[in-house]
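*Asks:* Starting off with a structure, shown below.
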Amino acid sequence: MCGIVGYIGEEQAAPILLDGLSKLEYRGYDSAGIAVYNGTEIQMIKSMGRLKVLSELTHDGAKLPGTAGIGHTRWATHGAPSDVNAHPHFNKTGSIVVVHNGIIENYLKLRQKLIRRGYEFVSETDTEVVAHLLDYYYQGNPLEAIAKLMHRLEGSYAFGIIFQDHPGEIYAVRKDSPLIVGASSRGNLIASDVPAILKYTRSVYFIENEEIVRLSKESMTFYNIDEEEIEKQPVTIDWDINAAEKGGYEHFMLKEMYEQPKAVRDTFSPRIKDGDIVIEEMGLSDEDIKAVKKIYIVACGSAYHTGMTCKYVFEGLARIPVEVDLASEFRYRNPILEPGTLVIVVTQSGETADSLAALREAKKRDVPVLGIVNVVGSSIAREADHVMYTWAGPEIAVATTKAYSTQLIAQYLLAMKFARVRGEMPDEMFASMLEDMERLPEQIEMLLSNKEKIQRFANRYVAARDVFFIGRGIDYAISMEGSLKLKEISYIHSEAYAAGELKHGTISLIEEGTLVNAVVTQEELFKKTISNMVEVKSRGACVMAVTQVGNTEVEKAADYVIYIPKTNRYFTNSLAIIPLQLFAYYVSIGKGCDVDKPRNLAKSVTVE
Ligand code: GLU
């Protein structure tokens, strides 16, 4: 995780680095630092805490003159967040400086060897071995030292590196951690992600594994690990620059919740053509679709929850068996991948380390992989055999909302397409589902406009210790996401349970006043879930229910009811999740938590 940036050009580097880091802070925020070459030496300032602290220490960058520098915002993996463990890291003479995103897996062995050769370590990080190893290999040719370094390292990395005796250059390299390069008239930049450089350029080069780049103020040159020059083509990014700003909202999360109607529409409307579903970039033929015998949906976190929902959608509509797997499990559990299997990897960033490894595992076994990805040009978008983009735009808040919503839409479209091609869906049903889908954006808008009511209810639970979410079928999958939203941003323990499962153990945790959020959107299961609500209510629970308009029967078993508009039974997640997102958001605010940057988390999880 973490964000790295680098700049070399005509302008003062430090303010540009700080600005870039501010756009990457969602990736890691336990400490931050920058290093700038000032004409004679490399100066560094770094500190534990948020970027704000670094901005103050450097007087918004003014304290560090110089036009070439690198910066870092950290999500600690090795060594606690502290001033010394913060990046950048120097070699012993201060002539080589490095920022790192990722994990060096063989760092202990390297560290011991370096200590035996007289190197002294000041931090506990894995990264410091890189600075010393570069020092060990460096004989005046940065490229050669970097290539040698790469041969010794195991693990994942993106580095930004400056060598003091090559003052007009910045070097960067990556393996399994994201890295992009941007060319602008004001200078050249490196970064972990697009928002950091959008202000300067839309022309972006995606660095592939084991590629090295050398930037000067007017040129950029790419090399492979054999130090041979290679050609690369830029990709044009068409994201709206305002999308990465708060634009008057108090938090990114609130802004992104409000962007859901647009994100959802942007994801389905270009794909609906003449009453049919056309996913142009995907490249799966009708024959390919007909040949699918089994689907694995592989993902992490909230994306995994979209898979849990869409298992029901795929199985229900297309009658294809679906297994949903956590990427971190899939990659190590030797899954049975027979011919006819399709693996669908769902990821916002397209860089999630476990999802990328799962993709590679599937490809190694000759099973086609379809990536559902938000970031064009990201590793998973490039490595997957087929890709379908979600058009959510940049998402900055750590807790996902709009990317989650678009991942659902993408999978609904796929499931409908599969059902159509395989002759499983009558015309009228297809047409009516398309109509229901077209209505989703305005229904989401309507739910968002009720936010004050949910805020008042949420305020009563800021001191809650445990919260439960229950539901059946798709409602269980919605519950899982509602529960995750709450715990990740409010630090309240919460669990999602299949409603029928509660009585097999967990019901013993229900006490007087425990909040149970019941999701009740599947008509054929209304009565069953209501019985489970009554069970917890009669043991003292306070019950909040999210249900479809018209299902007034739930009022008998609930203390507080939120109604969502009617939609197709397979689409209810897209609506029911909105009040649950708002609930989590307002509990978090009520508790005074940092909604956009919850503790211990980072957005793009590029470590295992
Ligand atoms: N492994 C490095 C550290 O703990 C880098 C972590 C990151 O990617 O922020 O310092």
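The values are calculated or read from the model by the stated rules, or taken from the named source; none is laboratory data. Small disclaimer: the values here were computed from a predicted structure and weren't measured. Neighbour counts are summed over all protein chains in view; Cβ atoms, including those assigned to glycine, are modelled from backbone coordinates with ideal geometry.
*Asks:* Every residue in segment 114-135 that is in contact (Cβ under 8 Å) with a residue 24 or more places away in the chain, over 14 Å from I161 (Cβ atoms) and either away from the ligand (no atom under 15 Å from the Cβ) or of a type outside the set (A, V, I, L, M) (or both), please.
*Replies:* Within segment 114-135, the subset in contact (Cβ under 8 Å) with a residue 24 or more places away in the chain is 119-120, 122-132, 134-135.
Checking which are over 14 Å from I161 (Cβ atoms) leaves us with 119-120, 122-126.
Answer for segment 114-135, where residues must be in contact (Cβ under 8 Å) with a residue 24 or more places away in the chain, over 14 Å from I161 (Cβ atoms) and either away from the ligand (no atom under 15 Å from the Cβ) or of a type outside the set (A, V, I, L, M) (or both): Y119, E120, S123, E124, T125, D126.
For every residue, the table says whether it meets (1) among the hydrophobic types (A, V, I, L, M, F, W, C); (2) not in a loop (DSSP other than H, G, I, E, B).
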{"residue": "E361", "(1), (2)": "no, yes"}
{"residue": "R382", "(1), (2)": "no, yes"}
{"residue": "V398", "(1), (2)": "yes, no"}
{"residue": "A403", "(1), (2)": "yes, yes"}
{"residue": "I409", "(1), (2)": "yes, yes"}
{"residue": "L413", "(1), (2)": "yes, yes"}
{"residue": "F418", "(1), (2)": "yes, yes"}
{"residue": "F430", "(1), (2)": "yes, yes"}
{"residue": "E435", "(1), (2)": "no, yes"}
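*Asks:* Out of the residues in segment 308-348 meeting the condition of being in a strand (DSSP E or B) and of a type in the set (D, E, K, R), tell me which one is surrounded by the fewest Cβ atoms within 10 Å (Cβ to Cβ).
*Replies:* Here the residue is E323.
*Asks:* When the residues of segment 65-110 are narrowed to those that are modelled with pLDDT of 95 or more and of a type in the set (F, W, Y), which ends up nearest to the ligand (Cβ to nearest atom)?
*Replies:* Y107
*Asks:* Any idea how many residues of segment 24-47 are touching a residue at least 12 places away in the same chain (Cβ under 8 Å) and more than 16 Å from the ligand (Cβ to nearest atom)?
*Replies:* Start the filter on segment 24-47 by keeping residues that are touching a residue at least 12 places away in the same chain (Cβ under 8 Å), which leaves 24-39, 41-47.
Keeping just the survivors that are more than 16 Å from the ligand (Cβ to nearest atom) gives 36-39, 41-43, 45.
Here the count works out to 8.
*Asks:* Moving on. Can you give me the ranges of the strands (runs of 3 or more DSSP E) entirely in segment 508-599 with at least 3 residues that are crowded, with 24+ Cβ neighbours inside 10 Å and touching a residue at least 24 places away in the same chain (Cβ under 8 Å)? Outline the logic, then answer.
*Replies:* On the way: elements: 515-520, 542-548, 560-564.
By residue number, 515-520, 542-548.
*Asks:* Here's something else I'd like to know. Could you say whether any residue in segment 298-307 is in a loop (DSSP other than H, G, I, E, B), in contact with a Ser or Thr (Cβ under 6 Å, 6 or more places away or on another chain) and buried (at least 16 other Cβ atoms within 10 Å of the Cβ)? Break it down into steps so the answer makes sense when it comes.
*Replies:* Taking segment 298-307 and keeping what is in a loop (DSSP other than H, G, I, E, B), we get 300.
Among the residues that remain, those that are also in contact with a Ser or Thr (Cβ under 6 Å, 6 or more places away or on another chain) are: 300.
Subset that is buried (at least 16 other Cβ atoms within 10 Å of the Cβ): 300.
Yes, the conditions are met somewhere in segment 298-307.
*Asks:* Conditions first: (1) assigned to a loop (DSSP other than H, G, I, E, B); (2) in contact with a strand residue (DSSP E or B) (Cβ under 7 Å, 6 or more places away or on another chain). E124 passes all but one, so which condition is the exception?
*Replies:* Among (1) assigned to a loop (DSSP other than H, G, I, E, B); (2) in contact with a strand residue (DSSP E or B) (Cβ under 7 Å, 6 or more places away or on another chain), the lone unmet condition for E124 is (2).
*Asks:* Tell me, please, whether a residue that is closer than 20 Å to T73 by Cβ and modelled with pLDDT of 95 or more can be found in segment 191-209.
*Replies:* Yes, there is a match, as at least one residue in segment 191-209 is closer than 20 Å to T73 by Cβ and modelled with pLDDT of 95 or more.
*Asks:* Quick one: A13 ticks every box in (1) over 16 Å from G160 (Cβ atoms); (2) among the hydrophobic types (A, V, I, L, M, F, W, C); (3) crowded, with 22+ Cβ neighbours inside 10 Å except a single one, so which number is it?
*Replies:* For A13, the exception is condition (1).
*Asks:* Just one of the numbered conditions (1) within 30 Å of I507 (Cα to Cα); (2) at pLDDT 95 or above; (3) surrounded by fewer than 20 Cβ atoms within 10 Å (Cβ to Cβ) is not true of V467; which one?
*Replies:* Checking V467 against (1) within 30 Å of I507 (Cα to Cα); (2) at pLDDT 95 or above; (3) surrounded by fewer than 20 Cβ atoms within 10 Å (Cβ to Cβ), the one that fails is (3).
*Asks:* Anything in segment 1-37 that is farther than 13 Å from D60 by Cβ, under 24 Å from the mean Cα position of the chain (by Cα) and small (G, A, S)? List them, or say none.
*Replies:* The answer is G3, G6, G20, G28, S31, A32, G33.
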